[in-house]
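The values are calculated or read from the model by the stated rules, or taken from the named source; none is laboratory data. What you see is a predicted model, and the numbers here were worked out from it, not measured in a lab. Every residue, glycine as well, gets a Cβ built from its backbone with ideal geometry; the counts of neighbours run over all protein chains shown.
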Amino acid sequence: MNDHTERMRGKIPGPDTGIAIRKSICTICDPDSQCGLDLYVKNGKIIKVEGSKENPHNEGTLCSKGAALRQYVYHQDRIRTPLQRVGPRGSGKFKPVSWEEALGTITNNLNQVKTGSGPESVVFFSGYSFWYRPVLHRMAYLFGSPNIITNASVCHLSMIFSQILTLGLPGGPDIRNAKCLLVWGTNPFHTRTGIARHILDAKERGLKIIAVDPRCSPMAAQADIHLQLRPGTDGALALAMANIIINEGLFDHDFIQNYTHGFDEYREYVQEFTPERGEALTGVPAEKIRMAARLFADAKPAALMPGSSPVVHNTNGLQNHRAAFALVGLTGNYDVAGGNFVEPLSYIFEPGGFITRETEFKHAKKRNEMPPPIGDDRFPLWSLLYDEGHAVHLPFQIQSGTPYPIKAILAFGINYRMWPDPDFMAESLEKLDFIAISDLFMTESCRRFADIVLPACTSVERSEFRCYPERYVIYTQPAIKPLYESRPDVEIIFELAKRLALDDSLLSQGFEACLDWILEPSGITINELKKHPAGMPVPNPITFPEKKYLQQGFVTPSGKMEFKSMLLEKYSKSFGYDALPVYRPPKYSRETTPELAKDYPFILNTGTRLPMFIGSQTYRLPWMRNLRPEPFVDLNPDDCRRLGIKQGDDVAVSTAKGSITVKANLTNQVQPGVVHVSPAYIDVKVNALIEADYLDPISGFPGYKALLCKVEKTNDKNDKKK
Ligand code: SF4
């Protein structure tokens, strides 16, 4: 074999092989990772994918999903041209049309709804991708609709609200400087791999780890103390830890005395949660609760690392998370190095050490110049604290038409199975006059509901700006041309803005001009970023001081950290909210509905994340799907022995609402009495097991992770028939 052949086989870049490395980012899981990519490109095609060593966040690593990026980009299900529905809605019949025709049809339909029902009757929806959201937000407001709606309604926002209501400004864990990390309901080893590496490094330096997780996850395996609680009992565990910290005098006396509101009522309330009662409620041994509470309180500084959604996917989720965050204030670990440090977000939910005009850019119109967004009357705190409509209430408002009708959706990625009771969402979508969806793949939602489907492109086929907590920024250039007729989402938005005559000086100038405007206070420019294809350190990053509350107070109504939330109190009469972080078991549980629990004795979790899937996005990739070719339910072997279930048996998982059939996967990762089903499987509708209104009444978040179910082997029935 000659040298050239060997270099070709080794995919060595160089003029002789015609292979060049192009820098980009992976945004399959977004926005926490955005791992840097080295893409080996030959003749306009990606032939190899590696993590980019220059990127300080992933430092050359990729997770399994990112490593399968070529299968994602070149998948046969990519939408190739704009499509127009030709049969009845749901028939799945489409014909290719030109971009001109597709955008013209969207423009006409959106304008028709605007004239007939008002601009608020059009919903601008964003699914998983985040990069174009500021632009879509601006477009929605310019159009006159307050209804920019995203997956945030079921993702991380309730966790953020729990911090806002308790501490004012949210603070992230300062892992590098912490002596103890309380990892509450998250496993970064599967999706936030950069953070997982930081944790392992810190562990080598002596970091103590407490993991709160119903599963024996890879994160829990690294912990010094694993608190394996029953799903949905997080609030009781946090209150029992507070009981120890308060009664043993381990709390930060100065912080409590000078900077908190409602401590006396809180102290009185936590007396109910002795470690023994904590054990009865959560299943965690009282002695372990004591050990964890003492470790967290003694090891100063200590930080709480929350998951984006596991705790809040519960009918008492927001209050449970408030109880957990109360521990941060209780121990004086708020806004200090090594604790939960407050850093302003720079761009798209990430802190980068610089200030931007993102919010100003999004708010092209004042919110009070438009009608209230969807869900305002049902979840008033939602629209008070956040500038989006509530996705979970969307099907309810489509059905009721009150306070105003919803007639059309322009969606950039939408999966109706994200909603609890997806059939209710499907019925609701079918009632709309018009639906346009931009997506990478011809999904079930596109096939069933769309009037127009637009082909979007992946992150490696476009330019985008991102920042990282490591004080690093990147503006990518397309590594390859957009495949087929696909286009970047922002181009679609700009084109529609023009056709809808939104007459905006920023949107009309294009993406780079918009970014330059947003970034102006930071001194970062797109021109400068273009000189650094792999990204660059933030020039002159801002160093934020500790304990900013000493100067400016807490951003809460009392100006202090609130054990007793004044905002929640305001809604206590009208909506029944508790001001204290009161623990309530899940709406369907052994404690709340004992009769139901006799028939449905297991606790169901429909939100379990597996390392190779994120939502259903990567389920179609052969490398990923081969790891779990069929839909499985994770069951504890002890339960299976009792029920006569063996690995791979067909089992029915049923709630009072519905039933699905999946394969049994026996694993000690799950505790007895608890079952986990991933939402990734396209072949089963796991959220059909949940009622549409099985929600946290404060946040509106669905209780995906704590309800009752039963498990039965179905082969038995088949065997009997034979
Ligand atoms: S963690 Fe994996 S999926 Fe997420 S951005 Fe990095 S490589 Fe992509």
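Could we say that Glu630 is without any contact (Cβ under 8 Å) to a residue 12 or more places away in the chain and either outside the structural domain of Asn314 (by TED's automatic domain parsing) or surrounded by fewer than 17 Cβ atoms within 10 Å (Cβ to Cβ) (or both) here?
Values: without any contact (Cβ under 8 Å) to a residue 12 or more places away in the chain: no; either outside the structural domain of Asn314 (by TED's automatic domain parsing) or surrounded by fewer than 17 Cβ atoms within 10 Å (Cβ to Cβ) (or both): yes.
It is false that Glu630 is without any contact (Cβ under 8 Å) to a residue 12 or more places away in the chain and either outside the structural domain of Asn314 (by TED's automatic domain parsing) or surrounded by fewer than 17 Cβ atoms within 10 Å (Cβ to Cβ) (or both).
Take the stretch 195-245 and flag every residue that is within 16 Å of the ligand (Cβ to nearest atom) and over 23 Å from Val312 (Cβ atoms).
Result: Arg197, His198, Leu200.
Table: residues versus (1) buried (at least 19 other Cβ atoms within 10 Å of the Cβ); (2) touching a Gly at 6+ places or on another chain (Cβ under 9 Å); (3) of a type in the set (Phe, Trp, Tyr).
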residue: Leu237; (1), (2), (3): yes, yes, no
residue: Asp254; (1), (2), (3): no, yes, no
residue: Thr260; (1), (2), (3): yes, yes, no
residue: Arg267; (1), (2), (3): no, no, no
residue: Glu287; (1), (2), (3): no, no, no
residue: Ala297; (1), (2), (3): yes, no, no
residue: Lys300; (1), (2), (3): no, yes, no
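State yes or no: is Ala280 modelled with pLDDT of 95 or more, closer than 19 Å to His226 by Cα and part of a helix (DSSP H, G or I)? Step through it out loud before you land on a result.
Details: modelled with pLDDT of 95 or more: yes; closer than 19 Å to His226 by Cα: yes; part of a helix (DSSP H, G or I): yes.
So Ala280 fits the description; yes.
Go through (1) out of contact with any strand residue (DSSP E or B) (no Cβ under 8 Å at 6 or more places or on another chain); (2) assigned to a helix (DSSP H, G or I); (3) hydroxyl-bearing (Ser, Thr, Tyr) one by one and return the number of the condition Thr166 breaks.
(1)
Please state which one of Asp264, Asp234 is within 18 Å of Pro581 (Cα to Cα) and free of Cβ contacts under 8 Å to residues at least 12 places away in the same chain. So that I can check it myself, show each step before the final result.
Numbers: Asp234 fails: free of Cβ contacts under 8 Å to residues at least 12 places away in the same chain.
It is Asp264.
Examine the stretch 37-49 for a residue that is under 23 Å from the mean Cα position of the chain (by Cα), within 20 Å of Ile474 (Cα to Cα) and either within 11 Å of the ligand (Cβ to nearest atom) or outside the structural domain of Pro188 (by TED's automatic domain parsing) (or both), and state whether such a residue exists. Lay out the reasoning, then the answer.
Within the stretch 37-49, the first condition is being under 23 Å from the mean Cα position of the chain (by Cα), and the residues that meet it are 37.
Pick out the ones that are also within 20 Å of Ile474 (Cα to Cα) and you get 37.
Now drop any that are not either within 11 Å of the ligand (Cβ to nearest atom) or outside the structural domain of Pro188 (by TED's automatic domain parsing) (or both), which leaves 37.
Yes: one or more hits.
Inspect the stretch 126-144 for any residue being crowded, with 21+ Cβ neighbours inside 10 Å, away from the ligand (no atom under 16 Å from the Cβ) and of a type in the set (S, T, N, Q) and give the result as yes or no.
Yes, the stretch 126-144 contains a residue that is crowded, with 21+ Cβ neighbours inside 10 Å, away from the ligand (no atom under 16 Å from the Cβ) and of a type in the set (S, T, N, Q).
Does Arg7 satisfy being closer than 26 Å to Thr191 by Cα and more than 15 Å from the ligand (Cβ to nearest atom)? Give the steps one after another, and end with the answer.
Details: closer than 26 Å to Thr191 by Cα: no; more than 15 Å from the ligand (Cβ to nearest atom): yes.
No; evaluated as a whole, the condition is false for this residue.
Looking only at the stretch 53-65, how many residues end up being within 9 Å of the ligand (Cβ to nearest atom) and either in the same structural domain as Val473 (by TED's automatic domain parsing) or polar (S, T, N, Q) (or both)?
From the stretch 53-65, those within 9 Å of the ligand (Cβ to nearest atom) are 57-58, 61-65; that's our starting set.
Adding the requirement that they be either in the same structural domain as Val473 (by TED's automatic domain parsing) or polar (S, T, N, Q) (or both) leaves 58, 61, 64.
Looking only at that region, the number is 3.
Let me spell it out: the conditions are (1) away from the ligand (no atom under 11 Å from the Cβ); (2) not assigned by TED's automatic domain parsing to the domain that holds Tyr132, and Ala68 meets all of them except one. Which number is the exception?
Just one mismatch for Ala68, condition (1).
Return yes when Trp382 is under 30 Å from Thr166 (Cα atoms) and in contact with a strand residue (DSSP E or B) (Cβ under 9 Å, 6 or more places away or on another chain) and no when it is not.
The answer is no for Trp382.
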